[in-house]
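First comes the structure, then the notes that go with it.
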Amino acid sequence: MKWDVVVVGAGFAGIVAAERFSSRGKKVLLVEERPHVGGNSYDYYDSQGILVHLYGPHIFHTKDKGVWDYLSRFTSWRLYSHRVQAYIEGKKVPLPFNLNTLEALFPSSFAATLGNKLVSEFGYGARVPVLEMLENKDKDIRFLANYVYENVFLNYSIKQWGLKPEELDPAVTARVPVLVGRDDRYFQDPYQGIPASGYTRMFENMLKNPNISIMLNTDYKNMITTLDFERMVYTGPIDYFFDYKFGVLPYRSMRFDFETLGTDRFQDVAVVNYPNDYEFTRITEFKHLTGQKHEGTTILKEFPEDYEMHKNVPCYPVHTSKNLKTYAKYKKEAESLDNVIFLGRLAEYRYYNMDEVVEKAMFSCEID
Ligand code: FAD
Ligand code: UDP
C-alpha cells in the first residue's frame, strides 16, 4: 500500500496533521511509540474513576479564535480559568505575582508604595518579566524584583531545569511575568478551557476519518524502510531523526507521582507551586480542572529529572544558548528535506503550548 502521508507521533502536532491531511482525502498512517494517542496531553480515568492527565496538568488556552473554533468541531468545552498559587514564606499567594500577591506578602503601606511605583513605571496591566525588572533603575522596584526572583523563580528553576533562571533563554521565565494588575488568572487568553469529555476523547474524534490508520507501540525507525509514502510529518525528537549527528539535544523530563485521597478537596485551586519547599515543583488537583464530582480526589506531584530515552518521556526542551545553537544545525538540515515536515515541541525543539502546536500544524499541513 502507498501512503500519501506517514505521520510520526500521535501528540497534538501529529493528530492535527493526520486530521488535516485525511480531511482532504489523503491516506494517512499515524505511527506512535506509546501505547496510546495524545502524546503528553493524554488523559484517562484512574483506578478511582477520576479523570487525570498522565503527563501533568494541561489547560487549553489561546488568543486564536481560529484554533479554538477548529478544536470545537471535535469537542465541547468546560470553560475554566486556570488559577495557580505559590507557597511562599508559609502562605499560599496568587501567581503570576501581581498586586494581590504583593499585598498578601508585605505590610499594607509598603505594598501600596511598591504597587504605585509599579503602576507609574510600567502602567496598569503591564506584564513585566522578572529578569527585565531586575535591571530597573528604581531601587524599590529592584528590591521587589529581587524578592520575586529569590522567592518565586530561583529555586523553582533549579528544581525544574537544574539551572538558574539567567542560564536559560529569557523567554522561559517570561512565560510567568510580574503582572501590574489584579487579575489572578494564570493565563490572560480570551479562550480557556478543558475538553468537556477529556483530551483523549477529543483526539479520538479527530482521528475518526477512515483515511487514517494508526499503529501504536511502534518506533517509526523500526519499520519506516518497509513503507511506501509520499510525505512524512515528523513530530518526534529532531536529534533522534538525524541519529544525533550534531549531538544530543537535552530535554527535561518529570516523574509524575499520583496520590488518590479519600477526601473531596485537597487544595483551594488546581495547582499550587512550591518554589522553595520539597523536591517536587507543584501539586495539581485534577477535579478543579475537570469539574468532576467525586467523593475522592487525585493529586499529582511533579519531580523534575533529566530525560533518558526509553526510561522516561521528553517533556521540555532545555533552552540554553548552547542547546539552541545545536538545534539551529538540525533545523538547517531539516530544511534541506523537501518531503518531511518537522512539527511540534520535540521536532522543532520549541517550548510550545498546545494552541501554538495546533496553529502551526494547521498552517503547515495546508499543502497537497
Ligand atoms: P508530544 O505531545 O510530546 O507528542 C509527540 C509524540 O511523538 C509522542 O506521543 C511520542 O511518543 C511520539 N514519538 C516520539 N518519538 C517517536 C518515534 N520514534 N516513533 C513513534 N512515535 C514517536 N500546553 C498548554 O497549552 N497548556 C498546558 O497547561 C500545558 N501543560 C503542560 C504540562 C506539562 C507537564 C508538559 C510536559 C507540557 C505541557 N504543555 C501544556 C505543553 C503540551 O504538552 C505540548 O504543547 C504538546 O503536547 C505538544 O504536542 P506535540 O505533538 O508537539 O508533542
Ligand atoms: N517558574 C518559576 N516559578 C514558578 C513558576 C514558573 O520559576 O512558580 C519559571 C520556571 O522556569 C518554569 C517557567 O517559569 O519552567 C515557566 O512556567 P510555566 O508555569 O509556564 O511552566 P509549565 O507549565 O510549562 O511547566
Q: Return only the number of the condition from (1) outside any loop (DSSP other than H, G, I, E, B); (2) open to solvent by 50 Å² or more (accessible area, probe 1.4 Å); (3) away from ligand 1 (no atom under 16 Å from the Cβ) that Ala171 does not satisfy.
A: (3)
(Q) I'd like to check which strands (runs of 3 or more DSSP E) are fully inside the stretch 1-119 and have at least 1 residues that are modelled with pLDDT of 95 or more, within 16 Å of ligand 2 (Cβ to nearest atom) and of a type in the set (Phe, Trp, Tyr). (A) 60-62, 84-88
Q. Does any residue of the stretch 202-220 turn out to be assigned to a helix (DSSP H, G or I), surrounded by 20 or more Cβ atoms within 10 Å (Cβ to Cβ) and over 23 Å from the mean Cα position of the chain (by Cα)?
A. yes
Q: Being under 18 Å from His319 (Cα atoms), in contact (Cβ under 8 Å) with a residue 12 or more places away in the chain and more than 16 Å from ligand 2 (Cβ to nearest atom) narrows it down to one of Phe203, Phe241, Phe229, Phe246, so name that one.
A: Phe246
(Q) If Val93 meets every condition in (1) touching a residue at least 24 places away in the same chain (Cβ under 8 Å); (2) open to solvent by less than 50 Å² (accessible area, probe 1.4 Å) apart from one, which number is that one? (A) (1)
Q: Report whether or not Arg255 is of a type in the set (Lys, Arg), open to solvent by 70 Å² or more (accessible area, probe 1.4 Å), modelled with pLDDT of 95 or more and not in a strand (DSSP E or B).
A: no
**Q.** Of the criteria (1) open to solvent by 40 Å² or more (accessible area, probe 1.4 Å); (2) in a helix (DSSP H, G or I), which one Asp268 fails
**A.** (2)
Q: Out of the residues in the stretch 153-168 that are open to solvent by less than 40 Å² (accessible area, probe 1.4 Å) and among the aromatic types (Phe, Trp, Tyr), state the one that is farthest from ligand 1 (Cβ to nearest atom).
A: Phe153
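The values are calculated or read from the model by the stated rules, or taken from the named source; none is laboratory data. Treat the numbers as computed from the prediction; the structure is a model and nothing was measured. No Cβ is skipped: glycine too gets one built from the backbone with ideal geometry, and neighbour counts run over all protein chains shown. Note: areas computed on protein heavy atoms with side chains; ligands, DNA, RNA excluded. Shrake-Rupley method; radii C 1.70, N 1.55, O 1.52, S 1.80 Å.
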